[in-house]
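Here, each number is a calculation from the coordinates, and none is a lab measurement. Bear in mind the structure is a predicted one, so any value in this text is a computation, not a measurement. All Cβ positions, even for glycine, are placed from backbone atoms using ideal geometry, and neighbour counts span all protein chains on display.
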Amino acid sequence: MKIIAANFKTNHTRKSTNIFVNNINTFLEDENISNDVYIFPPATALDNFDIKSNLIVGAQNAYCVKNGSFTGEIGTEQLEEFDIKTILIGHSERRHVLGESQKEIALKYNYYKALGYRIVYCVGEPLEVKQSGLTETLGYIWEQFDGIDLDYDNLVLAYEPVWAIGTGVVAEIEDIRTIHKKIKKKIQKPLLYGGSVKPANLSDILDIPNVDGALIGTASWIEEDFKTMIKISKDK
Ligand code: PGA
């Protein structure tokens, strides 16, 4: 069964997230949908949601600390208040916009691994690397696994080419097929695809071998579209 994940990024408020999460919860129950569905709201919208379905609410980011003096960050004390036990690590915007290094990412990974969190770990190459060829692309992706324990039980991977994120440019089916096959050969973990996934292309993407689900940004922010995509994934 495929995994569908919504990454809200810096979108939605506490109020709109609450409505969204409750509606998706009800939708999953009403439709008897049992695939794993994740929502990663902004930190300010984390809450004690009344979830009765298989919906999982996770954190987009947190620092590798319980609490302390880290202005602007949250730690596990803030996550555990809401029973959050799932976290995104290594997202391209954290790497390339917010400047997280592989060393920092690995530290964060090991911290959350030690606490048993489910980690959705993201990798993906920028456009110039893709343009250099497959060997360079794979070399770049393997480096993003430096310091990452790939035997960790509670690990889900996401391949998200940077050039396809938030750009409307979806990777070609063949590109996705090739990279997913290579990653899957090395690492036998659920592997999501992400990058401009939307209702119109989700079905084709989920049909590619070694694609175990999708991590969706922009198209997941609209409740109806997210529901449509959950429905598409239901029978895959
Ligand atoms: P996008 O984002 O769907 O807007 O391309 C995907 C992601 O960054 O997870």
Seminar exercise, completed: Surrounding charge for Y140, neighbours by C-beta under 15 angstrom, Lys/Arg +1, Asp/Glu -1, total -3
Problem set entry | Two-decimal log10 I(q)/I(0) for the stretch 96-219, as the Debye equation yields it once each C-alpha is a single scatterer, q = 0.23 Å⁻¹ | -1.52
Problem set entry | Set of lysines near K130 by C-alpha distance (under 24 Å), chain-local residues within fewer than 8 positions excluded | K103, K181, K182, K184, K185, K186, K189, K198
Exercise. When the C-alpha atoms of the stretch 107-177 are aligned to their principal axes, what extent does each axis show, in angstrom, from largest down?
Worked result: 38, 23, 19
Exercise. Taking the Cα-to-Cβ direction at K15 and at T167 and moving 7 Å from each Cα, how far apart do the two end points lie in nm?
Worked result: 3.6
For this session: May I ask you to sort D50, D175 by Cβ crowding, counting other Cβ atoms within 10 Å and putting the fewest first?
Result: D50, D175
Problem set entry | Selection from P190, I165, G116 lying farthest towards where the dipole of the stretch 67-201 points positive, charges on Cβ | P190
Seminar exercise, completed: Highest GNM mean-square fluctuation among I183, I87, I173, for the chain with Cα springs under 10 Å, belongs to I173
Problem set entry | Förster-model FRET efficiency, 41 Å R0, E128 and N23, C-beta, rounded to 0.05 | 0.50
Problem set entry | Sites D83 and A43, calculated FRET efficiency, Cβ-Cβ separation with R0 22 Å, nearest 0.05 | 0.90
For this session: Would you please put 77-84, 5-12 in order of how densely packed they are, using the mean number of other Cβ atoms within 10 angstrom per residue and starting with the highest?
Result: 5-12, 77-84
Seminar exercise, completed: Expected unfolding gain across D149-R177 under the 0.36 nm per residue rule, minus the alpha-carbon gap, is 7.7 nm
For this session: Note down the nm distance, to one decimal, between modelled labels 7 Å out along Cα→Cβ at K234 and at K52.
Result: 1.8
Problem set entry | Bins of 5 Å, starting at 0 and running to the largest distance - Cα pair percent for the stretch 1-139 | 2, 9, 17, 20, 19, 14, 10, 6, 3, 0
For this session: Would you please give the residues with an amide H less than 5 Å from that of A59, counting only those at least 5 places away or on a separate chain, with H modeled from the backbone geometry?
Result: T86, I87, L88
Exercise. How much of the calculated P(r) for the chain lies past 24 Å, in percent of all Cα pairs?
Worked result: 41
Exercise. In whole angstrom, and with the biggest value first, how far do the Cα coordinates of the stretch 79-126 range along each principal axis?
Worked result: 34, 18, 15
Seminar exercise, completed: If each part is reduced to its alpha-carbon centroid, the stretch 31-49 and the stretch 158-192 end up apart, in Å, by 23
Problem set entry | Amide H within-cut-off set for I216, under 5 Å, with H built and near neighbours excluded | A5, A6, N7
